[in-house]
Amino acid sequence: MEDRPSKEAIVEEFKGGFALIDEDVLQQILSRLPAKSFAFAACVCSSWTRVCARILSRPNLLSALSLNPNLERAVDEAIDRVLAEPIRPHFAIAFVGKKFSLKSIHRRVTRRLGSGIPIIINKTPGIIGADALTDEFREVKWVKGDTENSYNSARNADRGLVLVVGFVPGLRVRAVPLLNLSSGSSLVSSIDKFVTDIKDFATSVSGCSSPVGIIMFADQWFDMKLVLEKLDYAMSKDTAIVGDDGSCGFLYSNGADSIIMVENEQISSKSEEHAYKNLGLLAVGLVFAMEKESSHGEIQFSVALSTGVSPLGPIYKGASVRVVNRNNNPDCATWLTARREGSIEEIGGIRIIQDIDHEQVADDVFTDDLYIGVVRRRKCSIGPEKVKWISSIAFTEVKGADEEHLFVKGDGIKTGDQFQFYQPDPDSALSSRNRVLEDFKALKLDGCSKHEMFKSGCGNRDTEVFGGLIFCCFGRGESFFGHPNVDSSALTDNFPGLPIGGMFCFGEIGRSAVAVRGTPVNCFFHVYSTVYLLMLYKPRKP
């Protein structure tokens, strides 16, 4: 009987055959392997390790959507699609339906991707991405009463997910929590610590206290205004800040450190293992910091905004302002009177409403569709640092009115603040989306292959887009525009095949500027808007 060759002999014969292949051809072959096979290939020999390192020298973002109502199958479909090509995960984000268990998804994702990377699982009323099985790009909003779409049936509603996995060489990524500290500490102290933790992480990695970008997730009942004002105070204008201000529940992990929070009720540590702690989680930021003296190229984040509201009526100033139920109470509201710009007469709620041109307002003005945009000028500092003035506009929902007061949500307005009414406007939103589409189109260059290249603001023609995220107001979508995929097409039409993941929000975060009477004013919170985050890569020159 002939002796069987040893395993080592088989490997050597295998390597010998591939040694005849040109490295460029080998790179094309290896780049088509799924992630697990690619990891094995990188260990075959030194030449293969070198080729695999070259393949993973550029950043990559992969994304997949699944509407399978079975949680395990949905996660597996998305992960199988994401891991169908080479990637070494540095972070993962899952946007998931409200009827899926955060803990179950977290366990399944960490089992497949590993527990050593930052992972955020965020519940959402809708998801955006390319289907894992068909590659069809979809904007999916789970809406009660929608009988036209199968994903809104009783069996499928609020079940599905989008998984986003990123490889960002040259960056370090960490999930930084905003925790409600002990009862003896103020909320301001908690926020200062959160901002300081981000600065300390960025400084330890890059020597600079401002990271490349921050993706925020905050509980829907937590008021993020002060947080974002302090981030704006502390961070360079180059730091991109985007995210979801109205999470229906989220979980984060940094290795063994994870917290679960479901619809503002944290699972008791008595009923769950130690990994799911009860630590008073208010928000979490996924922070991207550039490494010192990296041998890789430069990764940049860029934010674009499509606004969806138009101004209505005259300018007012807050006169008498009374806040009810402070301290992040979900029922917190402000009762106010106001003066029209240029007038000394103090007027109440009904008079203010009567000032508005009723032809531009829906029949029932006391809905979620009427807002005031408050121009805020506030002192800001972090701990003992120098106080600076921060100016911004914040949108606040109008709750109602009586003869004496106008009632608005939250406590974002003070006596003397200017404000104007705003209402959702599909025509204005479409025009704004078209401007974003044209801006993206202007950035493209001809002759590119998989991911389009474009000229960056500094005039370089070698910067490529390798991924994108979308945070879209739940009020938008097909029901708002009358057509599907309007917001996402700003990216998909310009960058076909670009990995994109996103979600519908009850409060979209985007550090940008909006025009107030023709003057740009900083804005962090948006209503009826879509925030786009482009991930860009500029290769290092030889």
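The values are calculated or read from the model by the stated rules, or taken from the named source; none is laboratory data. Just so it is clear, the model here is predicted, and its values are computed rather than measured. Cβ atoms come from the backbone with ideal geometry, glycine included; neighbour counts cover every protein chain shown. Surface areas here come from the heavy atoms of the whole protein model, side chains and all, with no ligands, DNA or RNA. Shrake-Rupley method; radii C 1.70, N 1.55, O 1.52, S 1.80 Å.
If we sort 108-120, 239-251 on the protection proxy, mean other Cβ atoms within 10 Å, highest first, what's the order? List each step's numbers first, then the result.
Numbers: 108-120: 19.0, 239-251: 24.4.
Highest to lowest by the protection proxy: 239-251, 108-120.
If one computes the Cα centroid of region 494-517 and of region 416-436, what distance in Å separates the two points?
Computed from Cα coordinates, the inter-centre distance equals 15 Å.
When the Cα centres of region 92-129 and region 153-208 are compared, how far apart do they sit, in Å?
Here the two parts' Cα centres lie 15 Å apart.
Please give the length that would be gained between I356 and C45 if that part of the chain were fully extended, namely 0.36 nm times their separation in residues minus their C-alpha to C-alpha distance (nm, one decimal). Can you show the working numbers first?
Values: separation 311, 0.36 × 311 = 111.96 nm, distance 7.35 nm.
Result: 104.6 nm gained on full extension.
Taking 7 Å along the Cα-to-C-beta vector as the label spot, tell me the A319-K414 distance in nanometres, rounded to one decimal.
Distance between label points: 2.1 nm.
Put a dot 7 Å past each Cα toward the Cβ at K292 and N70; how far apart are the dots in nm?
5.1 nm
So how much slack lies between S391 and R540, counting 0.36 nm per residue of separation and subtracting their Cα-Cα distance, in nm? Can you show the working numbers first?
Working: separation 149, 0.36 × 149 = 53.64 nm, distance 3.71 nm.
So the extension gain works out to 49.9 nm.
Applying 1/(1 + (r/R0)^6) with R0 = 35 Å to the Cβ-Cβ distance of R378 and K99, what FRET efficiency is obtained, to the nearest 0.05? Don't skip to the answer; put the middle values down first.
Values: r = 39 Å, r/R0 = 1.13.
The formula returns an efficiency of 0.35 here.
What percentage of the solvent-accessible surface of region 75-142, computed with a 1.4 Å probe over protein heavy atoms, is contributed by carbon and sulfur atoms? Don't skip to the end; give the middle numbers.
On the way: 970 of 2310 Å².
Carbon-and-sulfur percentage of accessible area, whole number: 42.
Sorted by mean Cβ packing within 10 Å, highest first, what order do the peptides 335-342, 500-507 take?
Details: 335-342: 18.8, 500-507: 25.2.
Answer by packing, highest mean first, reads 500-507, 335-342.
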